[in-house]
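To start, the structure itself, in structure tokens.
The values are calculated or read from the model by the stated rules, or taken from the named source; none is laboratory data. Values in this document were obtained by computation on a predicted structure and should not be read as measured data. Using ideal geometry, Cβ is built from the backbone for each residue, glycine included, and neighbour counts are taken over all protein chains shown. Just so you know, the surface numbers come from the protein's heavy atoms only, side chains and all, with ligands and any DNA or RNA stripped out. Shrake-Rupley method; radii C 1.70, N 1.55, O 1.52, S 1.80 Å.
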Amino acid sequence: MPGRFTARSMSQHRFNLQPACFDTDYLLNPANRAAIEANIQHRKGIGDIQLVQRLSEQLDAGQATLSKGERSALQAQLSAELGKIPNRTHPALLDYGTEPRIVARYNEQAKQTDRKYFQFGDICKRMNLYRMENLGNFTGHRSYYLTDELAELEHALICYAVDSLRERHFRLVTVPDVLPARIIESCGMSVHGERNQVYKLNGRHERDTLCLSGTSEMALAGYLAGRVLPADQLPQKLMAVSRCYRAETSALQEEKGIYRVHQFTKVEMFAVCQPDQSATVLEEFRDIEVALFNQLGLHFLLLDMPACELGAPAYRKYDIEAWMPGRGMYGEISSCSDCTDYQARRLGIRVRTADGRETFAHTVNGTACAIPRMLIATLENFQNADYTVTVPDVLRRYMGGKQLLRRRKVLPELKLAKRLVQEETF
């Protein structure tokens, strides 16, 4: 049938992205080897600059003796190894050791320790607002349902974040959840090996592989792939509301419930800018996040993260950890990163200046609202002794003026249905 989209046609699709353009002037210069090795060790120890430079030397030495196939194989191996080298690190971070620096504390008067505070899961069960138990047979491990007022609170948080970003001139973009593996890799998340966070969908050949997006940052970066942007139109600030998919798991007690799950909704900020703008844009993203959580009334810490906590793309990263009294701990609810030209070199995102010169753009990303952990922080901080939850002032307009979340009565037929599901499951 003409136009019919089949699994076969899907597997034959090819993604024509530009080849990555690594900073070989820096990376292949033997004089920089010691500095690059030190940077790799400061990070997560992934990458082998000695192998990279050795492969480059083999290619140079074999110009006349290597066959076309041998050269192609060596070039592919060199490109793969170049792709593993992490971004450079902001010099200020090298004095931090392995611990983050606390930049500021916010709303310390709101830190709740004066009585027993229940964990998110206990509050929700008491109020009949969500379900995680007995879902393995039909939705899988670490899945969940949010119902009634908890689902309303999710949408209120999304609308609050989106409206706040719109006031700051972010452009709203709806993004795909399914992306080529190459896009995800170019943004700094590995799709190879048994232990990675990416769900793969299909592909007879590695270049055909489609994946579920781990964050809309990847789709937004892919949206700009291969473009040459006029310098006078930068920075461009984009936002997206999307589902995020992570194959990660955790057995840690403090990460139980919806703290670490396989799918969740997130409002993401993304910017593409000129090289001399990314440090300023990172500060802007950091300040936006601080304002969002400050207006909610949460107690949280702003952290400047050490080199060992940076992912491969990041040059510098700030984290925000909110106090979660039910858990008796601080939990990460947001972060923002300056990726300099790491992603732009891999995706071919360039800037053209007024005199016609081109250079690689810089990219910056940040989390405006990651729903599961924001729900945890909100319910645990604003719970009352009578098992009601006070809705933060800034969210009430998105919940029809509602001031309290209350326990919902479960109808007899719903109780019966729940019992039947439990019996069938076991």
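Compute the angle between helix 371-381 and the longest alpha-carbon principal axis of the chain, please, reported from 0 to 90 degrees and rounded to the nearest 10.
Once rounded, the angle reads 40 degrees.
For Ser190, what accessible area in Å² do you get when you roll a 1.4 Å probe over the heavy atoms of the protein chains, rounding to the nearest 10?
60 Å²
P(r) for the chain: what percent of alpha-carbon pairs falls in each 20 Å bin, starting at zero?
Result returned by the calculation: 22, 53, 22, 3, 0.
Write down the accessible area per residue of the chain in Å², having rolled a 1.4 Å probe over the full set of protein chains.
50 Å²
Once you put a point 7 Å from the Cα of Lys111 and another 7 Å from the Cα of Ala35, both along the Cβ direction, what distance in nm separates them?
Simple spin-label model gives 4.0 nm for this pair.
Would you compute, for the Cα atoms of the range 238-374, the largest minus smallest coordinate along each principal axis and list the three values in descending order, in whole Å?
Principal-axis extents of the range 238-374 (Cα, largest first): 58, 32, 29 Å.
Please work out the Cα center distance from the range 162-177 to the range 211-249, rounded to the nearest Å.
Taking the Cα centre of the range 211-249 as reference, the centre of the range 162-177 is 12 Å away.
So what's the gap between the Cα centers of the range 27-50 and the range 78-105, to the nearest angstrom?
12 Å
Give me the number: length gained by fully extending Asp95 to Thr359, i.e. 0.36 nm times residue separation minus the C-alpha to C-alpha distance, one decimal in nm.
92.0 nm
Take the residue pairs Lys44/Lys237; Lys68/Lys200; Lys44/Lys200 and return only those whose Cα atoms are more than 27 Å apart.
Lys44/Lys237; Lys68/Lys200
First compute the accessible area of the chain with a 1.4 Å probe, then give the percent of it belonging to carbon and sulfur atoms.
Ligands and nucleic acids excluded, carbon and sulfur reach 49 percent.
Taking Cα atoms, how many degrees apart are the long axis of helix 148-167 and the longest axis of the chain, rounded to 10 and kept between 0 and 90?
Approximately 50 degrees, to the nearest ten.
What is the pair-distance distribution P(r) of the range 24-86, computed from all Cα-Cα distances in 5 Å bins starting at 0, with each bin given as a whole percent?
With 5 Å bins starting at 0, P(r) equals 4, 19, 28, 22, 14, 8, 4, 1.
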